[in-house]
Amino acid sequence: MKTTADFLKMKQNGEKITMVTAYDYPSAKAAEEAQTDMILVGDSLGMVVLGYDSTVPVTIEDMIHHAKAVRRGAKDTFIVVDMPFMTYHLSREETLRAAARIMQESGADAVKVEGAGNVLPMIEALVESGIPVMAHLGLTPQSAGVLGGFKVQAKTAEQGRQLIDDALSCEQAGAFSVVLECIPQQITEKVTALCKIPTVGIGAGVQSDGQVLVFHDLIGYGDHRVPKFVKKYTEVYPDIVGAIKQYNKEVKEQKFPGQSHSFNLKEEERISLYG
Ligand code: KIV
Ligand code: NA
């Protein structure tokens, strides 16, 4: 399994870091088999697998439940688990307790938190306690209400400078990496050059040290709208619907199950059954 030290080395060597989200056993297995560098159990699970329209309703129990399945599917991959909404804001103590639960109950390798500002002392406390932390700046979905929706962030030079400062503060606080979501690529380029820790981008251009995509977006699993920055590498949803339609039809027409899917009594048992 790669470690935070390996990710730092990858940045230094100019080797791109790959990350994909996973929410259950088979998706984690697939990510590991594909030799993904890091897996994120993102709170995006609230939207893509639980059907909420934001990440706000996701609970720590939801995160642990899914992270446990991901850990079982990807025993040899570095797993980052999102700390959900409002579990790292109230106090250092509550933050540490929540992170400890995630680490101990799910077997995660690190946690991820959104934002800088008041979150910086929490990052510091977590790292001091031995928990690797990934930061997340730019479009931070847990604050979508405050940001006014899911929109490109840091669109002015001034906001860009603030984001660069925030990234450096996260590094200073001890974060081992930072996710940059939905920002102009020119800002990504600056942050990536100025930070020693690796940047992992989503909708942030090609200049970051790594990329992350949501599993369901990458494989086209679901009928949800995907943002402009997503590339669908396949589109499994129509195949899934098609397969289920065909199954329904064959059941109605008594074409399924066929003889090859059915079990038989031995000859003598058959005779005995029918008398
Ligand atoms: O929850 C998530 O999937 C994320 C990524 C988009 C970075 O936070
Ligand atoms: Na997230």
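Every number in this text was worked out from the coordinates using simple rules, so none of it is lab data. In this text the structure is predicted, and so the values were computed from the model without any measurement. Counting neighbours? That spans all protein chains shown, and the Cβs are built from the backbone with ideal geometry, glycine included.
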Calculated from backbone phi, Karplus (6.51, -1.76, 1.60) coupling profile of segment 23-31 in Hz, x at Gly/Pro: 10, 8, 4, x, 5, 5, 4, 5, 5
Listed residues L265, L139, L147, most fluctuating in the chain (Gaussian network, C-alpha, under 10 Å): L265
Highest-fluctuation residue, G201, G242, G258 considered, GNM on the chain with Cα pairs under 10 Å: G258
Longest segment of the chain lacking GluC sites (Glu not before Pro) that sit in a DSSP loop with at most 11 other Cβ atoms within 10 Å: 1-234
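Quote the FRET efficiency, to the nearest 0.05, computed for L273 versus I240 with a Förster distance R0 of 45 Å and r equal to the Cβ-Cβ distance.
Values: r = 40 Å, r/R0 = 0.88.
For R0 = 45 Å, the calculated efficiency reads 0.70.
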Separation of alpha-carbon centers, segment 79-137 and segment 23-41, rounded to whole Å: 21
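How would you classify segment 79-197 from its alpha-carbon gyration tensor, with a ≥ b ≥ c the square roots of the eigenvalues: rounded for a/c under 1.5, else prolate if a/b is greater than b/c, otherwise oblate? The partial results should precede the final answer.
Values: a/c = 2.03, a/b = 1.58, b/c = 1.29.
Cα axes put segment 79-197 in the prolate bin.
Return the ratio Rg/(2.2 N^0.38 Å) for the chain, where Rg is computed over Cα atoms only.
Here the Cα radius of gyration is 1.21 times the empirical estimate.
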Phi-based couplings in Hz for segment 204-216 (Karplus 6.51, -1.76, 1.60; Gly and Pro marked x): 10, x, 8, 7, 5, 6, x, 10, 10, 9, 6, 3, 5
